[in-house]
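Working notes, beginning with the structure itself.
The values are calculated or read from the model by the stated rules, or taken from the named source; none is laboratory data. Computed from a predicted model, the values in this text were never measured in an experiment. In this analysis, Cβ positions are derived from the backbone assuming ideal geometry, glycine residues included, and neighbour counts consider all displayed protein chains.
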2 protein chains.
Amino acid sequence: MQGILDLSPELEPIGVVLAERLLGVQARFDRQLESDLPPVRDLCRHVERYRGKMLRPTLALLCGMAADDRAGVPMGERVGEAHEMVGAVCEMVHMATLVHDDVLDDADVRRRGETVNRLHGNEAAVILGDYLIASAYHLCSRIDSHTALAVARASAVMCAGELLQLHHRDDYSLDEPTYFEIVERKTAALIAVACELGAHHALGSATKDEQRRRETAAAFAAFGRAVGVAFQIQDDVLDLTGEEAVVGKSLHKDLEKGKLTLPVIHHLAAADERTRGRTLRLLESVTQGHATADSVQALARTLKDTRSLDHARTTAERYIATAKAALGTIAPGPARRVLELLADAVVTRDQ
Amino acid sequence: MQGILDLSPELEPIGVVLAERLLGVQARFDRQLESDLPPVRDLCRHVERYRGKMLRPTLALLCGMAADDRAGVPMGERVGEAHEMVGAVCEMVHMATLVHDDVLDDADVRRRGETVNRLHGNEAAVILGDYLIASAYHLCSRIDSHTALAVARASAVMCAGELLQLHHRDDYSLDEPTYFEIVERKTAALIAVACELGAHHALGSATKDEQRRRETAAAFAAFGRAVGVAFQIQDDVLDLTGEEAVVGKSLHKDLEKGKLTLPVIHHLAAADERTRGRTLRLLESVTQGHATADSVQALARTLKDTRSLDHARTTAERYIATAKAALGTIAPGPARRVLELLADAVVTRDQ
């Protein structure tokens, strides 16, 4: 996790394996998108620049290492080709949603560069997203049918979550249960499947016994799901408090697009009638035009009065605790330790 | 093929099996899109209304029947579950491209009803398209890995073709070889895979010997590819000469979006300098605003002078002859006969 996780010396060997395998993920990613058509090649080269935290491949690799509980086997021998492929597939599906999201959000900046829609137009961005999805499934069906099925199911769930979110746009009465229903589908499902498949393809003892393999994979899926929800909450917080130069993408898009985030939902439920009315007027003015620095600051101030940002942070931390607890049945070891550190970093990151 | 193919009495038994199996395709299609979320359900119900000619499922079923050369085995016993699933998958991928195309084309009418983007907005349409693709792959990975791989590959090729087409937008020097490169990817690849997989999953003797199975599937793929190109050319012709009430979708979108079709490409290459200049000015006026009935009629008239519509029709017919020739190694029989009739109907249809 470039930029969000520094490993202590005793965990460094995992960092080395991770870095090496992530290069493998990138190589597979790029190779899968190769095309004989120059315009397709140009667009794909643009997408390669989108590559950021590589959260999903990192999780697939770490879960593979942690699920393999053979004593004394070096980390580098615990994960293989399948993990690199799963990592590349999940990253590609994720990238497709970023490309499409940027079209829907009219976003100009992503990973500190111009978005595909900004540079090449909405049409190219929509089709490029479709090309990424098709390429992801192509790579996926070369692994095995269990993996193909799991990724396709997670992708469908993810889209359903986005449709649910869209349905609740500008819905100022959106409650927390519905918010979590959206987030578990939209963000957590794909992260969960990356973790699950990482464990499923573990090369070590967990894979010997089918029953145990399933249980181990389910534990990692639960870990991933909770990390995914926490990740989204932190994104919500950063959308309100972050700086575009640090976060590296267009901010306040949630507000402008009428997508209620956890801090705002909490605030609207907790505020007195008068404050609530003022916040609603503020939100409406933001969705009607572009969010200005002033209006976002005013919103952040009023959210402070109801401790709504704190509420969001505490909730994210609770999800991280749930994530760690899900790994309770997994043998302790350095890979599990890095997963726990990574989970912590998800809610403390500023990018 | 509702509306474009009437079968003579001796071929009617095939029509009966086809109609029954197409109901199976529809049921699988609808079941795959089922969701516990009401907003997702509503959007999917809208898509069900999009269902039109069901060309791809029809081809998968007919190719399955034709590839099975066991004497005396009734048509109803030559195709099974896998054909219905392949049909539903190809139709779902196709539907996804229609939903996304309508966003890109700003189209209002599809299959005589309002488009998803028109009724629910571009955002819902983009995500719904993604949901359809993910659902198609989900269904697909339940068949077998050969099928999943083939469908994913065809989808990636299809997107690459659309990107190539987009790259050549407003390119008035586009030549026929590039046009066919676009069409073979954009339209023919998915139709070819429907035919190929129909044959691949044939229940009869062709599947006994792996070598023969591959050869048979390749013959049907070649048939589908040629039919697909012819289908697109006929679409090009209808976009210029059809009536919206008959064709059932927004017309002249190719012209407005600067996509050069075969008749126009031929005309620009065949016309004298002065006519060419006049046509270019006409095309530019159309892409800058909406095509009016007058401007389209003027264009159709000028295309007549260079016999460019005739050229397109003749080319389509040549592809149909190629398609039929590809079936030369397939045992003659009523299913092959219906495939040939269907191929003819593709270029004589007015919808």
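Working only within the stretch A:155-184, note down all residues that are in contact (Cβ under 8 Å) with a residue 60 or more places away in the chain, in a helix (DSSP H, G or I) and more than 7 Å from chain B (Cβ to nearest Cβ). Of everything in the stretch A:155-184, those that are in contact (Cβ under 8 Å) with a residue 60 or more places away in the chain, in a helix (DSSP H, G or I) and more than 7 Å from chain B (Cβ to nearest Cβ) turn out to be A:Met158, A:Gln165, A:Glu176, A:Tyr179. Residue count for the stretch A:99-115, restricted to those that are buried (at least 21 other Cβ atoms within 10 Å of the Cβ) and in contact with a strand residue (DSSP E or B) (Cβ under 8 Å, 6 or more places away or on another chain): 2. The residues of the stretch B:83-94 that are within 12 Å of the chain's Cα centre (by Cα) and more than 13 Å from chain A (Cβ to nearest Cβ), listed by number, are B:Cys90, B:Glu91. Cβ-Cβ contacts under 7 Å between residues 6 or more apart (or on different chains), taken from a first residue in the stretch A:201-223 that is touching a residue at least 12 places away in the same chain (Cβ under 8 Å) and closer than 13 Å to A:His146 by Cβ to a second residue that is of a type in the set (Val, Ile, Thr) and buried (at least 24 other Cβ atoms within 10 Å of the Cβ), are listed as A:His201/A:Val86. When we screen A:Glu210, A:Glu184, A:Glu243 for residues that are of a type in the set (Asp, Glu) and within 17 Å of A:Cys90 (Cβ to Cβ), the only hit is A:Glu184.
Would you call A:Val229 surrounded by fewer than 24 Cβ atoms within 10 Å (Cβ to Cβ), farther than 30 Å from B:Leu119 by Cα and not small (Gly, Ala, Ser)?
On the way: surrounded by fewer than 24 Cβ atoms within 10 Å (Cβ to Cβ): no; farther than 30 Å from B:Leu119 by Cα: yes; not small (Gly, Ala, Ser): yes.
Against the criterion (surrounded by fewer than 24 Cβ atoms within 10 Å (Cβ to Cβ), farther than 30 Å from B:Leu119 by Cα and not small (Gly, Ala, Ser)), A:Val229 does not qualify.
When A:Ser141, A:Ser155 are screened for being among the hydroxyl-bearing types (Ser, Thr, Tyr), over 22 Å from B:Ser35 (Cβ atoms) and touching a helix residue (DSSP H, G or I) at 6+ places or on another chain (Cβ under 8 Å), only A:Ser141 passes.
Could you list, in sequence order, all residues of the stretch B:63-104 that are assigned to a loop (DSSP other than H, G, I, E, B) and acidic (Asp, Glu)? Selection gives B:Asp68, B:Asp69. Taking the listed residues A:Ala125, A:Ala107, A:Ala60, the one that is within 14 Å of chain B (Cβ to nearest Cβ), part of a helix (DSSP H, G or I), within 27 Å of B:Tyr131 (Cβ to Cβ) and of a type outside the set (Phe, Trp, Tyr) is A:Ala125, with no other qualifying.
Looking at A:Leu23, A:Leu11, which one is part of a helix (DSSP H, G or I) and free of Cβ contacts under 8 Å to residues at least 12 places away in the same chain?
A:Leu23
Being in contact with a helix residue (DSSP H, G or I) (Cβ under 6 Å, 6 or more places away or on another chain) and over 16 Å from B:Ala60 (Cα atoms) holds for only one residue in B:Leu190, B:Leu197, B:Leu166, and it is B:Leu166. Screening A:Ala271, A:Ala202, A:Ala222 for residues that are surrounded by 17 or more Cβ atoms within 10 Å (Cβ to Cβ) and under 21 Å from the mean Cα position of the chain (by Cα) leaves exactly one candidate, A:Ala222. Against the list (1) crowded, with 22+ Cβ neighbours inside 10 Å; (2) modelled with pLDDT of 95 or more; (3) over 16 Å from A:Ala192 (Cα atoms), the condition A:Leu59 fails is (3). When you check A:Asp36 against the structure, is it under 29 Å from A:Tyr131 (Cα atoms) and outside any helix (DSSP H, G or I), yes or no? So A:Asp36 fits the description; yes. Scanning the stretch B:138-153 for residues that are part of a helix (DSSP H, G or I) and either basic (Lys, Arg) or in contact (Cβ under 8 Å) with a residue 40 or more places away in the chain (or both), we see that the one that is nearest to the other protein chains (Cβ to nearest Cβ) is B:His138.
Against the test of being assigned to a loop (DSSP other than H, G, I, E, B) and surrounded by 22 or more Cβ atoms within 10 Å (Cβ to Cβ), the options B:Leu255, B:Leu260 yield a single qualifying residue, B:Leu260.
Note on the stretch A:116-159: among residues that are farther than 14 Å from A:Val86 by Cβ and of a type in the set (Asp, Glu), the one that is surrounded by the fewest Cβ atoms within 10 Å (Cβ to Cβ) is A:Glu123. Taking the residues in the stretch B:27-52 that are touching a residue at least 60 places away in the same chain (Cβ under 8 Å) and under 18 Å from the mean Cα position of the chain (by Cα) as candidates, determine which candidate is surrounded by the most Cβ atoms within 10 Å (Cβ to Cβ). Restricting to residues being touching a residue at least 60 places away in the same chain (Cβ under 8 Å) and under 18 Å from the mean Cα position of the chain (by Cα), the top hit is B:Phe29.
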